[in-house]
Amino acid sequence: MTITPGIKTVIPAAGLGTRFLPATKAMPKEMLPVVDKPAIQYVVEEAVAAGSDDVLVIVGRNKNALANHFDRVAELEHTLEKKGDAAKLEKVMAASRLADVHFVRQGDPLGLGHAVLRAKKHVGNETFAVLLGDDLIDARDPLLTRMIDVSRAQSATVIALMEVEPDQIHLYGCAAVDETPESDVVKVKYLVEKPSASDAPSNLAVIGRYVLKPEIFEVLEQTQPGKGGEIQLTDALEALAADESLAGPVLGVIFRGRRYDTGDRLDYIKSNVLLALDREDLGPALESWLKELTGRLSA
Ligand code: UTP
């Protein structure tokens, strides 16, 4: 495993989060707690674990909650210090110590592609990672490191793909692919947004991790609003896949590890249960309660 120092990470967090209203009325959905940490903190931890030390968060109207989370909170730290509560103090300080976290405003939420384009100045002429807070990847299954390695080795744009059941593919972008000599790497021919099972060219769904080359910015600048009147990152990736002379190939890394979907309410609840079951402090008690509940439900 090669740790690549210095790759910058972009986390778009300026969406409206309408599926989680009213929780997201005054708070971005990336701040929703998963067990006891906001989703975005898991994502920043993942970036840091893959060797990224510079994170740019694209923020919308509810910037403050995000910015405050990655900042120091002198009063709270002081109170916990006085109480001698080292464990809680560590929890409070962890987020502010993780990485250099920067913020840029999107203005109007004109789509994921538009949000990524707002990172152009900060990223400069370098390959960078984009991580969505909707997908949490288990820290034990390092996907981003693999994607960065593949991008470096083949000078490629790399997207993350996951095999899903045919009846689930209509919820995702879907990739038409060719095999490569590496079993977890495919070449992306084209992408189809949310196809029906019968129209889907594969069972490979696009999930929220991307390693992008700086050429994507020029493509995004030319990308017209697509589905929902938004500038779609998928449309720009589609343009790159269709013309390799723009920025080399678009490859997909097939992820077979543990992923927690937090973008949808039911999956969000499931993610909380699964991650809590894995925790030493909560797992055993939750498991016995779940067993009791299952017994009650099936009675
Ligand atoms: P989604 O479409 O899932 O986010 O965008 P949303 O619009 O906030 O969610 P719903 O459907 O209304 O509940 C995927 C990611 O892109 C970001 C979102 O914050 C999310 O992480 N995004 C989307 C932006 O940063 N800006 C945008 O204009 C759109």
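What the table shows:
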| quantity | calculated |
| --- | --- |
| Those aspartates and glutamates that a straight Cα-Cα span of less than 20 Å connects to Lys120, excepting residues fewer than 8 apart in one chain | Asp53, Asp54, Asp100, Asp108, Glu215, Glu218, Glu221, Glu230, Asp235, Glu238 |
| Highest average packing first - 183-190, 52-59, Cβ atoms within 10 Å | 52-59, 183-190 |
| Cα Rg, Dmax, region 217-269, angstrom units | 15.1, 44 |
| Residue (of Val59, His78, Val43) at the positive-pole extreme of region 35-81, dipole from beta-carbon charges | Val59 |
| Ordering of 241-254, 280-293 by packing [mean C-beta count within 10 Å, highest first] | 241-254, 280-293 |
| Net charge of Cβ neighbours under 12 Å - reference Ala276; Lys, Arg +1; Asp, Glu -1 | -2 |
| Pairs of Cα atoms farther than 24 Å apart, region 110-226, % | 29 |
| Share of alpha-carbon pairs per 5 Å distance bin for region 1-155, given as whole % | 2, 9, 17, 20, 20, 15, 10, 5, 2, 0, 0 |
| Mean separation of Cα contacts under 8 Å (6+ apart) over length of region 205-299, as relative contact order % | 13 |
| Residues with amide H under 5 Å from that of Val57, placed H, sequence gap 5 or more | Ile11, His102, Phe103, Val104 |
| Estimated Rh, region 15-61: Kirkwood, alpha-carbon pairs, angstrom | 11.7 |
| Heavy-atom surface of the chain, accessible at 1.4 Å and reported per residue (Å²) | 51 |
| Theoretical ellipticity at 222 nm over the chain - DSSP helices of four or more residues, -39500 (n - 2.57) apiece, nearest 500 | -11000 deg cm²/dmol |
| Spatial extent of the chain: Rg and Dmax, with the Cα atoms as the point set, Å | 19.8, 63 |
| Dipole magnitude of region 80-187 about its Cα centre (Cβ charges: Lys, Arg +1; Asp, Glu -1), debye to nearest 20 | 880 |
| Förster-model FRET efficiency, 22 Å R0, Asp36 and Ala139, C-beta, rounded to 0.05 | 0.90 |
| Gained length - Asp100 relative to Glu182, 0.36 nm times residue gap less alpha-carbon distance | 26.1 nm |
| Region 81-163: radius of gyration over Cα atoms, expressed as a fraction of 2.2 N^0.38 Å | 1.47 |
| Separation of alpha-carbon centers, region 75-97 and region 247-299, rounded to whole Å | 29 |
| Surface share of carbon and sulfur [accessible, 1.4 angstrom probe, percent] for region 223-281 | 51 |
| The chain: relative contact order as a whole-number percent, Cα under 8 Å and 6+ apart | 21 |
| Size-normalised alpha-carbon gyration radius of region 171-299, reference 2.2 N^0.38 Å | 1.41 |
| Residues Lys121 and Asp85, FRET efficiency given R0 of 45 Å [Cβ-Cβ distance, rounded to 0.05] | 0.65 |
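The values are calculated or read from the model by the stated rules, or taken from the named source; none is laboratory data. Since this is a predicted model, take the numbers as computed values, not measurements. All Cβ positions, even for glycine, are placed from backbone atoms using ideal geometry, and neighbour counts span all protein chains on display. Please note that ligands, DNA and RNA were not included when accessible areas were found on the heavy atoms of the full protein model with its side chains. Shrake-Rupley method; radii C 1.70, N 1.55, O 1.52, S 1.80 Å.
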